[in-house]
1. Checking the structure you have, find out if any residue of the range B:98-109 is buried (at least 21 other Cβ atoms within 10 Å of the Cβ), closer than 23 Å to A:Gln118 by Cα and away from DNA strand D (no atom under 16 Å from the Cβ).
2. Just the residues that are away from every other protein chain (no Cβ under 14 Å), surrounded by 14 or more Cβ atoms within 10 Å (Cβ to Cβ) and either without any contact (Cβ under 8 Å) to a residue 12 or more places away in the chain or within 12 Å of DNA strand D (Cβ to nearest atom) (or both), please, taken from the range B:1-16.
3. Quick one: is A:Gly66 in contact (Cβ under 8 Å) with a residue 24 or more places away in the chain and more than 8 Å from DNA strand D (Cβ to nearest atom)?
4. Among (1) in a strand (DSSP E or B); (2) farther than 29 Å from A:Met279 by Cβ, which single condition is B:Gly315 missing?
5. Can you pull out every residue in the range B:181-199 that is touching a residue at least 12 places away in the same chain (Cβ under 8 Å) and within 20 Å of the chain's Cα centre (by Cα)?
6. Scan A:Glu113, A:Glu132 and give me the residue that is crowded, with 18+ Cβ neighbours inside 10 Å, assigned to a helix (DSSP H, G or I) and not hydrophobic (A, V, I, L, M, F, W, C).
7. From the residues in the range A:22-39 that are in contact (Cβ under 8 Å) with a residue 12 or more places away in the chain and over 17 Å from B:Ala116 (Cβ atoms), which one is nearest to DNA strand C (Cβ to nearest atom)?
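The values are calculated or read from the model by the stated rules, or taken from the named source; none is laboratory data. In this text, all values refer to a predicted model and were calculated from it rather than measured experimentally. We place every Cβ from the backbone using ideal geometry, glycine too, and count neighbours over all the protein chains shown.
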There are 2 protein chains.
Amino acid sequence: MVATLRDVARAAGVHPGTASRAMNPETEQLVNHATVMRVRKAAKALGYVPNPVARSLKTNRSQSLGAVIPDITNPLFPPIIRGFEDVVAEAGYNVLVTNTDNDAIREGRQIAELRARQVEGMIVATATIEDEALRQLVADHVPVVLVNRVEPNLAVPSVAGDDVSGIRQAVAHLKSLGHRRVAHLAGPQTTSTGIARLRAFRQELTDQGLEFDEALVVLCDQYREADGKAALEQLLDGPEVFSAVIAANDLLALGCYDAMKDRNLSCPSDLSVVGFNDMPFVDKVHPPLTTIHVPHYEVGAEAARIVLERIKDPGKSPISVLLPVSLIVRGSTTAATRS
Amino acid sequence: MVATLRDVARAAGVHPGTASRAMNPETEQLVNHATVMRVRKAAKALGYVPNPVARSLKTNRSQSLGAVIPDITNPLFPPIIRGFEDVVAEAGYNVLVTNTDNDAIREGRQIAELRARQVEGMIVATATIEDEALRQLVADHVPVVLVNRVEPNLAVPSVAGDDVSGIRQAVAHLKSLGHRRVAHLAGPQTTSTGIARLRAFRQELTDQGLEFDEALVVLCDQYREADGKAALEQLLDGPEVFSAVIAANDLLALGCYDAMKDRNLSCPSDLSVVGFNDMPFVDKVHPPLTTIHVPHYEVGAEAARIVLERIKDPGKSPISVLLPVSLIVRGSTTAATRS
DNA sequence: TTGTATGCGTTATCAA
DNA sequence: TTGATAACGCATACAA
């Protein structure tokens, strides 16, 4: 049916071993150039295409990588995946994507499955990966890089946006618009972004001479619109006065829109809102969301380079890359009304 | 390092062949129950996990499927992929997703790659797949199902939304609002959806007693926002009067928003707009888009069932499934102003 | 019910 | 520079 190396060898009148060497760029120098040509020609004629499964069995390398994400349906992840794939494809790798729904059990199974399929490395973009699972991975020397998350306690490389810089830009922007009392919808404190952005918020407010008020911070359980809505409602119901809010991510910010609509408040005239991530489509919502742009495609691409690097040279010490982020001013922020 | 069947067999004091049979649910009845237990226990103790690569080489089945899509970054596709994955995962399959960017050459390479990796079947969601490539697939008896696309000339199963019903609902909705002159931004006529929706538009207009005017139809080269914008501008620059437009998909509809904003026209008071697909986030744009909801997750899930079916029973005659779609009325349509 | 032997397609080691 | 041979881990036809 489909041609094998054997067939090619026979057609070219050489031994399969020779054919193998001739077909492989890495070993072709071990064989006479004329023979190489002959084999290649025969291969082409027969439509030979190497069987990666057999190769993988022999070499223990599958030419494939894993990508563990919460949910491909979350618009944050497709660009990351795409950046990852584009880069690893250059090196001949395929990608197995797997959705965990942030469920630890699912995640454990998925990772086991990926390993069973002999992936040579993986990126992990789930916020909730069990430290234990991660530890196991590094203990087994599986090249893994964290995405959108850092893990200071483990020697694991990571790629993420620069949260501190992002919050700094957001705060500076609001300050320049005259806002003094700024609230923060903090992300889940089980996630490294949630923690980092809250910490940066506190830091930047004081650094930039604005007063940090604990009462203006609400912790959200999850990065979901509903949580953002509830959080802002809680703030609105409270006694504190504030004219702007920095949400830990865009979904939370969109939740603010919902809360405001319910109460007939208008954004940005009643309240300025800043998001984080610059998800696709937040430029299309009303009002277009002012947010921190994270270069997700680049995040995936950079993660890919690091994984590839570590496959080639497992001994390399893990590096953490912080990609620059930038404030995108759109319609959801405006000058504070003097009062 | 990692336990193999051999190790398990040795630990259980049986022959590897027996261990193999004991581990496999399909053959475990061929072996003494007590032995099965013993082998299983040893396997667990050793943390044995079968090597799918070796199995695949032996059985010619890879337990993996392919998904050929234009671009995971297009919000249309993640739900499809997710539906597909969720269903095939139940059957123990993995999914290899590949982006073609609607580039025929890329696509050819990707499909070849998928086949080299021994996928047992695939879904194809690219609009532009070469008939030739498709023909080759069916000739080689690769279980393939088309998604979001039908191919009447080939015996290939497909899953898609019911375009005719969608357009019918859109037209009925606009008619009920008093619109008489309705324009259509047609999708690329190289795609089956583009063709079907245009044909349905023409049909429904006359069926429902509205006049079909060729001058109110603009063909878009691609399903992109920019094309929708250009198309509406062309219409606006022309002499024809119209009060509503049905776009062949949501992106085109969003393009209409752009064109109108540029000209200080207001939607829906100046012009009602209906999209198609109900992409994520079109409920968040301004005004929220009235559109035809296509159950994309279900499309992927149904495609999965059909692929699985065909792997089990390759002889089955190909079926085409049209999933019901429904009009979602939001803010971009309103009553026609009497004039 | 279990053991034996062989082969899937490739690469790697060794010898020629 | 090439050939011979074995082996990767598993499944299966056949024998016992």
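1. Going through the range B:98-109, the residues buried (at least 21 other Cβ atoms within 10 Å of the Cβ) turn out to be B:98-100, B:107.
This time we only want the ones that are closer than 23 Å to A:Gln118 by Cα, so: B:98-99.
Then drop every residue that is not away from DNA strand D (no atom under 16 Å from the Cβ), which leaves B:98-99.
For the range B:98-109, residues buried (at least 21 other Cβ atoms within 10 Å of the Cβ), closer than 23 Å to A:Gln118 by Cα and away from DNA strand D (no atom under 16 Å from the Cβ): present.
2. Taking the range B:1-16 as the starting set, the residues that turn out to be away from every other protein chain (no Cβ under 14 Å) are B:6-16.
With the extra rule that they be surrounded by 14 or more Cβ atoms within 10 Å (Cβ to Cβ), the set shrinks to B:7-12, B:14, B:16.
Selection gives B:Asp7, B:Val8, B:Ala9, B:Arg10, B:Val14, B:Pro16.
3. Numbers: in contact (Cβ under 8 Å) with a residue 24 or more places away in the chain: yes; more than 8 Å from DNA strand D (Cβ to nearest atom): yes.
In short, yes.
4. (1)
5. B:Ala186, B:Gly187, B:Pro188, B:Gln189, B:Thr190, B:Thr191, B:Ser192, B:Thr193, B:Gly194, B:Ala196, B:Arg197, B:Leu198
6. Details: A:Glu132 fails: crowded, with 18+ Cβ neighbours inside 10 Å.
Testing whether each residue is crowded, with 18+ Cβ neighbours inside 10 Å, assigned to a helix (DSSP H, G or I) and not hydrophobic (A, V, I, L, M, F, W, C) leaves just A:Glu113.
7. The qualifying residue nearest to DNA strand C (Cβ to nearest atom) is A:Ala22.
Condition check ((1) surrounded by fewer than 21 Cβ atoms within 10 Å (Cβ to Cβ); (2) closer than 28 Å to A:Ile80 by Cβ; (3) in contact (Cβ under 8 Å) with a residue 24 or more places away in the chain) across all residues:
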position	(1), (2), (3)
A:Asn148	no, yes, yes
A:Leu177	yes, no, yes
A:Thr206	yes, no, no
A:Phe212	yes, no, no
A:Cys220	no, yes, yes
A:Gln234	yes, no, no
A:Ala244	no, no, yes
